[in-house]
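Here the structure is laid out as C-alpha cells; the discussion comes afterwards.
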Amino acid sequence: MLSRLPRLLRPPLSRSLASFPPPRLFSYDKIVANMSVADAIPAIEDCFIKLAQGQVDVPMPMHIGIPESGAAGPGDCHVKGGHVIGASTWTVKLANVSFYKNPDRGLPPGSGVFIVVCSETGAPLGIFSENRYLTDCRTGAAGGVAFKHCAAPGMDTVGFIGAGAIAKVMARAASCIRPFRGVVYAPDGAEAFKKEMENELSMPFEVVDSAEKLCRKSDVIYTQTPGSKTVLEKKWLKDRVTIIASGSDQPTKQELPTDVMAASTYITDLTNQCVRVGELRSAVKDGSMKESDVYAELGEVVAGMKPSDFSGIVVVDLTGTGAQDAAIGTVAWDKMSKLPE
Ligand SMILES: NC(=O)c1ccc[n+]([C@@H]2O[C@H](COP(=O)([O-])OP(=O)(O)OC[C@H]3O[C@@H](n4cnc5c(N)ncnc54)[C@H](O)[C@@H]3O)[C@@H](O)[C@H]2O)c1
C-alpha cells in the first residue's frame, strides 16, 4: 500500500499541466481611484447574512509580533481572511501596523495587501496593495449596515466620537443609507472632519467641545478612538440611542463603560471575536456581562432572524471580520480585473 502512495499523489506522467499566470498587481492609487465605501455596502450586508447562516468560513485572526530593534519595529502583522461560500473568490489579508520608526524614513507606519484567490482553481488572482484603504472601506460599510438595521428612520442626529480615518468612512457609509445631521467631538481633527464631510456629503456637521454634549444631542453615536479609556458615560445618553463602536479591535482597547454594555441590547459582528478583542471582553472581564447576554450577531438582525424593533440603548460592536475582507475582496476583483492593465 505504502509503495503506491507516490503514484497516487503525482499526476500521470503523460499529462503536462500549464502553470498559473502570476497574480495581477493593483496599486494603491488605482484602488483608491476605483473603489469606495458605497461599492462595498451591498456585499458587506450580504456577507453578514451569510455569516449568520453559517455560510462563511472565517478563521480567527492570526497575529505576528515583530520585536523592536535599532532599525525596525516594533510592529504587528494581523492576518485575516475568509471565504463566503459560493463566492467566486476568497481573500487573505496582511495588515501591518505600528512600525513607528517608518515616519523617520518618510514612510507611513502601516501597510497592507489583500490576496484575492480564485475559488474554482485556488490560483491567486490579484494582489491589492491597499495599505489599509480596503480595510477602511469594509469597516465603514459594516457601520452603514449597522445604521440601516439597528437605528430606526427618524434617529437622524448622528454623533462621531473620534474624527480620524474610520470616522470618515463611517460618515460616508451612513450617508449612503439616509441623510442625517452630524455632530463631532475629538481632541484632534474635528474641524477638519466637519469641513471635509460637509463638502463631500452636502450634510450639516456641528463640532462640539465635549463627548457629553455630543451624547446629549445624538440618536446614533459612532465611536472610533484608538485608546483604552472609555469615551462616554451612561448618564449622558438619550433614552433611545444606538451606539456603533469600532475602535476596539485588540485586547488592549475599550471605548464603552461596562454599565452601558450591561444596560444595552448588545449586538456583535462576530461573538467569538468580540469576546476576545471587542467591547464584550471588558464587560465579561469585570462580570457585568456573560457571553450568553449577547442579543444577536449583526447578520441575524440583517437577515430578520432576530427582531429589530429596538428600545433603550443598543450597542453594535464592530471588531472587523475576515468575512468583510472576503466580501470586499470579491467586489474589488470583479470591478478592477475589468480595468486595462
Ligand atoms: N473595527 C474595525 O474593523 C477597525 C478597522 C480599522 C481600524 N479600527 C480601529 O479604529 C480606531 C480608530 O482608527 P483611526 O484610523 O480612525 O484612528 P485615527 O488616529 O485616524 O483617529 C483617531 C481619532 O480619535 C480621536 N480620539 C482619541 N482619543 C479620543 C477620546 N478619548 N475621545 C474622543 N476622541 C478621541 C483622535 O483625536 C482622532 O480624531 C483604532 O483603534 C483602529 O485600530 C477598527
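The values are calculated or read from the model by the stated rules, or taken from the named source; none is laboratory data. The shown structure was predicted, so the numbers you read here are calculated from the model rather than taken from an experiment. Because the Cβ atoms are built from the backbone with ideal geometry, glycine has one as well, and the counts that use them run over all protein chains shown.
The residues of region 154-181 that are touching a strand residue (DSSP E or B) at 6+ places or on another chain (Cβ under 7 Å) and outside any helix (DSSP H, G or I), listed by number, are M155, D156, T157, V158, G159, F160, I161, G162, A163, F180, R181. Scan region 192-211 residue by residue and report those that are away from the ligand (no atom under 11 Å from the Cβ), of a type outside the set (K, R), surrounded by fewer than 19 Cβ atoms within 10 Å (Cβ to Cβ) and in a helix (DSSP H, G or I). Those that are away from the ligand (no atom under 11 Å from the Cβ), of a type outside the set (K, R), surrounded by fewer than 19 Cβ atoms within 10 Å (Cβ to Cβ) and in a helix (DSSP H, G or I): E196, E198, N199, E200, L201.
Scanning region 301-341 for residues that are surrounded by fewer than 24 Cβ atoms within 10 Å (Cβ to Cβ) and acidic (D, E) yields D309, D334, E341. There is at least one residue in region 251-258 that is β-branched (V, I, T), away from the ligand (no atom under 14 Å from the Cβ) and more than 25 Å from A141 (Cβ to Cβ). Only residues that are surrounded by fewer than 16 Cβ atoms within 10 Å (Cβ to Cβ), more than 8 Å from the ligand (Cβ to nearest atom) and not small (G, A, S) were counted in region 218-237, giving 2.
Filtering region 238-250 to residues that are within 10 Å of the ligand (Cβ to nearest atom) and without any contact (Cβ under 8 Å) to a residue 60 or more places away in the chain leaves only Q250. Restricting the search to helices (runs of 4 or more DSSP H) fully inside region 1-113 and requiring at least 3 residues that are at pLDDT 95 or above and exposed (fewer than 15 other Cβ atoms within 10 Å of the Cβ) gives 28-34. Residues in region 260-300 that are in contact (Cβ under 8 Å) with a residue 24 or more places away in the chain, under 18 Å from the mean Cα position of the chain (by Cα) and assigned to a helix (DSSP H, G or I): 12 in all.
Quick one: would you say S248 is closer than 26 Å to K306 by Cα, modelled with pLDDT under 95 and not basic (K, R)? The answer is yes for S248.
Could you grab me the full set of residues in region 317-333 that are more than 11 Å from the ligand (Cβ to nearest atom) and over 18 Å from V113 (Cβ atoms)? A323 - this is the single residue of region 317-333 that is more than 11 Å from the ligand (Cβ to nearest atom) and over 18 Å from V113 (Cβ atoms). The sole residue among G159, G126, G143, G122 that is of a type outside the set (A, V, I, L, M, F, W, C), surrounded by 24 or more Cβ atoms within 10 Å (Cβ to Cβ) and more than 16 Å from the chain's Cα centre (by Cα) is G159. Within region 97-149, which residues are away from the ligand (no atom under 12 Å from the Cβ) and at positive phi? Scanning region 97-149 gives G106, G122, N131.
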